[in-house]
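We did not get these values from a lab; they are worked out from the coordinates using the rules stated. Keep in mind it's a predicted model, so treat the numbers as computed, not measured. Note: ideal-geometry Cβ built from the backbone for every residue, glycine included; neighbour counts use all protein chains shown.
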Amino acid sequence: MKIKILGGGCASCKKLYENTKKAVAETGITADTEYITDMEKVMAYGVMSMPALVVNEQVATMGKVLKPAEIAKILKKVNG
Amino acid sequence: METLKTIWDFFQNEILGMAWLNRLIGSLLNALGLDTNEKIGGSLQFFIYDMIKIMVLLGILIFIISYIQSYFPPERTKKILGRFHGIGANIIAALLGTVTPFCSCSSIPLFIGFTSAGLPLGVTFSFLISSPMVDLGSLVFLMSIFGWKVAVVYVLLGLVIAVAGGTLIEKMHLENQVEEYIRKGKQLDIPQEELHFKDRIKYAFEQVCGTAKKVFPYVLLGVGIGAVIHNWIPEDFIIKALGGNNPFGVILATIAGVPMYSDIFVTIPIAEALLSKGALLGVVLSFMMGVTTLSLPSLIMLRKAVKPKLLAIFTAICVIGIIITGYFFNLIQSILI
């Protein structure tokens, strides 16, 4: 699974990145987690509210700092 | 009419201003043997009262504001703005700037989103100026401390600066001052998730907790500085530096406020204390506006989206607007409070 966190480098974006890493560790899903702050790349996803969570190139949430449990739920859903 | 005024005054002083709390804390401190007319007792009273008042107002306000904001994500604001043209678009942008949730790290995506949706540069800037300068929170906070007249004039002037600034940038044709990658950026319309009443309440509640945690240490600092000003710094000194005797008070306050990055909640206790010690209203308000509107971090972020010339023009418009606002408030202070 490929996970990307899109953000501008602010505190809430980093928090989402940290929480996502926790969620990945807790669920035991094999995933590449990447934190993207390069605005040109970020904009390719069409998101306007930061931070955004992208799972397998699909925007899952935006403008929200999710808790690890909430992220885990999304990851499990995608994983089937 | 008289009855209405009495009811409003009660609401403004006792509910928004929580004057009863101040009396209660005063009596408690007196009962403990501290004289609130003296320096230590007085500082303690100011500190405890302001700390409680600000945190309570902050909690209630953020909740209500976040609930309203959940109806205006930037994606929706963009669509609404697309329906307006000319100065009407600038006015709507300034108004939406007050209700769209927006942190400085979203300024670039927002910029690209607005630009690629075909919104004029001036409209985007009306939004960018009004968003940090005026928000619903500042309206209620100013009402609680300086009364409704000051609050309404402050918000109106903030909106005027945003509309005028955006229009000016539009007229100067600075489109070439926007970074290349932003002009070329493509904005996809991604589907918005449906929010239900429960989601909005949850969102608002999370915002309250998040903001309270984030700003608490700064409020503590602000109230601490306020308490020191309130009781330890001689009145003559403040009157000399920031009162009617110093014609440059507004300019000094603006220049001091601009590089600082802080929330309106932090500046309120400092402003309150300065005003009570004889600083002019315009000086205090221009400091507050300077702190909330511009800051180094937000300018650095914006620099990634626009070239230095446009950034300088944007900064100049805000600074001049704040200074004019300050002098205007000094002029009409006697009518307002």
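Here's the list of aspartates and glutamates a cross-link from B:Lys39 could span, going by alpha-carbon distance under 20 Å and ignoring same-chain residues fewer than 8 apart: B:Asp50, B:Glu235, B:Asp236, B:Glu272. I need the Debye-formula profile for the protein assembly as shown: one equal scatterer per C-alpha, no solvent, reported as log10 I(q)/I(0) at q = 0.07, 0.08, 0.09, 0.14 1/Å, two decimals. Each listed q maps to, in turn, -0.38, -0.49, -0.61, -1.28.
If you average over every viewing direction, what projected area does the convex hull of the Cα atoms of chain B give, in nm²?
18.9
Computed about the Cα centre, the dipole magnitude for segment A:2-79 is approximately 300 debye when only Lys and Arg (+1) and Asp and Glu (-1) carry charge, each at its Cβ.
Summed over qualifying helices (DSSP H, 4 residues or more, each -39500 (n - 2.57)) and divided by its residue number, chain B shows a 222 nm mean residue ellipticity of -24500 deg cm²/dmol.
Let me check against my output: what whole-number percent is the relative contact order of chain B, with C-alpha pairs under 8 Å and at least 6 apart?
So the answer I get is 19 percent.
If you keep only loop residues by DSSP, which GluC sites (Glu not before Pro) in chain A have at most 14 other Cβ atoms within 10 Å of their Cβ?
A:Glu57
Just want to confirm a number: the relative contact order over chain A, from Cα pairs under 8 angstrom separated by 6+ residues, in percent. Across chain A, relative contact order equals 40 percent.
Give the angle, between 0 and 90 degrees and rounded to the nearest 10, that separates the Cα long axis of helix B:197-231 from the longest principal axis of the Cα atoms of chain B. Relative to chain B, helix B:197-231 is tipped by roughly 50 degrees. What is the mean number of Cβ atoms from other protein chains located within 10 Å of the Cβ atom of each residue in peptide A:7-14, rounded to a whole number? For this peptide, the per-residue mean of nearby foreign Cβ atoms is 4.
Dipole check for the protein assembly as shown: with +1 at the C-beta of Lys and Arg, -1 at the C-beta of Asp and Glu, and the Cα centre as origin, the magnitude is about 920 Debye.
The angle between the Cα long axis of helix A:11-27 and the main principal axis of chain A comes to about 20°, on a 0 to 90 degree scale. In segment A:34-80, with Lys and Arg counted as +1 and Asp and Glu as -1 at Cβ, which of these residues, A:Ala44, A:Val59, A:Ala72, has the Cα nearest the positive end of the dipole, that is, farthest along it? The residue sitting most towards the positive pole is A:Ala72. Distance from the Cα centroid of segment B:264-337 to that of segment B:136-151 is 16 Å (rounded to whole angstrom). The mean number of partner chain beta-carbon atoms within 10 angstrom of a residue's beta-carbon across peptide B:107-114 is 5. In this structure, the pairs whose alpha-carbon distance is over 27 Å, taken from A:Lys64/B:Lys304; B:Lys79/B:Lys309; B:Lys213/B:Lys277, are B:Lys79/B:Lys309; B:Lys213/B:Lys277.
Dipole magnitude for chain B: computed about the Cα centre from +1 point charges on Lys and Arg Cβ and -1 point charges on Asp and Glu Cβ, it is near 800 debye.
Cross-link partners for A:Lys76 among the lysines, with Cα-Cα distance under 17 Å and sequence neighbours closer than 8 places in the same chain left out: A:Lys2, A:Lys4, A:Lys21, A:Lys22, A:Lys67. Peptide B:205-212 has a mean of 1 when you count, residue by residue, the C-beta atoms of other protein chains within 10 Å of its C-beta. Helix B:136-146 and the long axis of chain B differ in direction by around 30°, with both axes built from C-alpha atoms.
Annotation for segment B:108-216: GluC sites (Glu not before Pro) lying in DSSP loop with at most 13 further Cβ atoms inside 10 Å of their Cβ are B:Glu193, B:Glu194.
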